1. Quick one: how many residues across the range 115-155 are part of a strand (DSSP E or B) and among the aliphatic types (A, V, I, L, M)?
2. Only residues in the range 198-215 that are loosely packed, with under 15 Cβ neighbours inside 10 Å count as the first member; pair them with residues that are β-branched (Val, Ile, Thr) and in a loop (DSSP other than H, G, I, E, B), Cβ under 9 angstrom, at least 6 apart or cross-chain, and list the lot.
3. Which of the residues that make up the range 109-123 are open to solvent by less than 70 Å² (accessible area, probe 1.4 Å) and under 11 Å from residue 146 (Cα atoms)?
4. Out of all the residues in the range 20-74, which are part of a loop (DSSP other than H, G, I, E, B), hydrophobic (A, V, I, L, M, F, W, C) and either surrounded by fewer than 18 Cβ atoms within 10 Å (Cβ to Cβ) or under 19 Å from the mean Cα position of the chain (by Cα) (or both)?
5. Within the range 150-197, can you find the residues that are crowded, with 19+ Cβ neighbours inside 10 Å, of a type in the set (A, V, I, L, M) and over 15 Å from the mean Cα position of the chain (by Cα)?
6. Given 264, 249, which one is touching a residue at least 60 places away in the same chain (Cβ under 8 Å) and on the phi > 0 side of the Ramachandran plot?
7. Considering 81, 88, which residue is touching a residue at least 24 places away in the same chain (Cβ under 8 Å), farther than 16 Å from residue 142 by Cα and surrounded by fewer than 20 Cβ atoms within 10 Å (Cβ to Cβ)?
8. Looking at residue 183 and the list (1) at pLDDT 95 or above; (2) closer than 30 Å to residue 244 by Cα, which single condition is not satisfied?
Amino acid sequence: MCANARPRILMCSPEYFGVEYVINPWMADQTGKVRPREAMSQWSALYDALSPLADITCIAPSPHQPDMVFTANAGMVFGDRFVPSRFRHQERAGEEAHFACWAEHAAYAITPLPDDVFFEGAGDALYDRGRPVLWLGYGFRTGLPAASALRDIVEPSGLSVQPLRLVDPRFYHLDTCFCPISGGRLLYYPPAFDPESVRRIEGAVPEDQRLAVSEEDAEAFACNAVCLNGAIVMNRATSGLKARLGEWGLRCVETPLGEFMRAGGAARCLTLRLDEPEPVAA
């Protein structure tokens with residue numbers, strides 16, 4: 001990617017979005033409660049917030065895939081390669097073919113993981129923004145074997161894969177509790193991880209470059225944010241977190257996404273970066 005190019009993002013409009021099954025704690029008691037017009041309004045507001053910051057491509061939604069709106073789970077982009085997801089829950093398995101077909105038509109080389117490896121894409125695989133590291137969340141959706149499979153793909157280019165075990169079912173994907181920010185900085189919610197993973201994070205990221213969010217901010221999915229060009233776009237943040245982000249020179253853009261949180265997703269879940277890994281400044 002050219003250093004001066006605008007970021008590129010994939011989104012999927014929510015015509016068919018709804019909570020039709022329960023596969024995470026956020027979905028409990030939410031079946032059939034999504035308000036379609038409100039969901040479309042919230043998605044459109046997120047689109048409008050991101051449009052000045054990135055070029056957005058949309059994939060056509062499928063009437064039989066209510067969670068397809070969460071494009072972060074489509075797969076992982078690595079240069080001109082696309083590593084498709086293999087969903088743990090059968091309810092989402094139908095999305096795999098739609099996203100792989102889109103990626104093929106977009107001229108990505110499809111690089112599947114072994115058939116027996118669960119992997120849920122950029123929901124669990126996040127590039128550090130200051131180090132040659134791919135952070136990989138595992139435990140609820142992605143399996144630990146995905147770490148060795150991804151190493152075979154990224155390590156020849158100088159990236160290491162660092163697995164992080166998730167232990168709180170509310171934060172079932174890495175992007176719900178962990179947000180790499182430009183310059184190598186990081187938002188994270190430590191109780192979402194086991195002690196060894198917290199040590200791994202804090203051993204790699206200096207204290208002045210990481211910010212542990214409160215439970216209130218974590219439950220509002222403040223870590224499920226999209227950080228682009230000096231702005232960080234999220235569902236909601238406390239005044240304290242916004243002040244800290246301001247000290248980092250970031251402009252906090254709040255755009256309510258409550259309808260999507262019924263299904264356990266917010267801003268980051270609704271987007272997939274198509275130009276990964278982005279260049280890291282020296």
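1. 5
2. 214/238
3. Residues satisfying the conditions are 113, 114, 117, 119, 120, 121.
4. Scanning the range 20-74 gives 22, 23, 28, 53, 54, 59, 60, 68, 69, 70.
5. If the condition is that a residue be crowded, with 19+ Cβ neighbours inside 10 Å, of a type in the set (A, V, I, L, M) and over 15 Å from the mean Cα position of the chain (by Cα), then 150, 154, 159, 161, 192 are the ones that fit.
6. Just a single option satisfies the conditions, and that option is 264.
7. The match here is 81.
8. Every listed condition holds for residue 183 apart from (1).
The values are calculated or read from the model by the stated rules, or taken from the named source; none is laboratory data. Just so it is clear, the structure is predicted and the values come from calculations on it, not from any experiment. Here the Cβ is made from the backbone with ideal geometry for all residues, glycine too, and neighbour counts use every protein chain on show. In case anyone asks, the SASA skips ligands and DNA or RNA and just uses the protein heavy atoms, side chains included. Shrake-Rupley method; radii C 1.70, N 1.55, O 1.52, S 1.80 Å.
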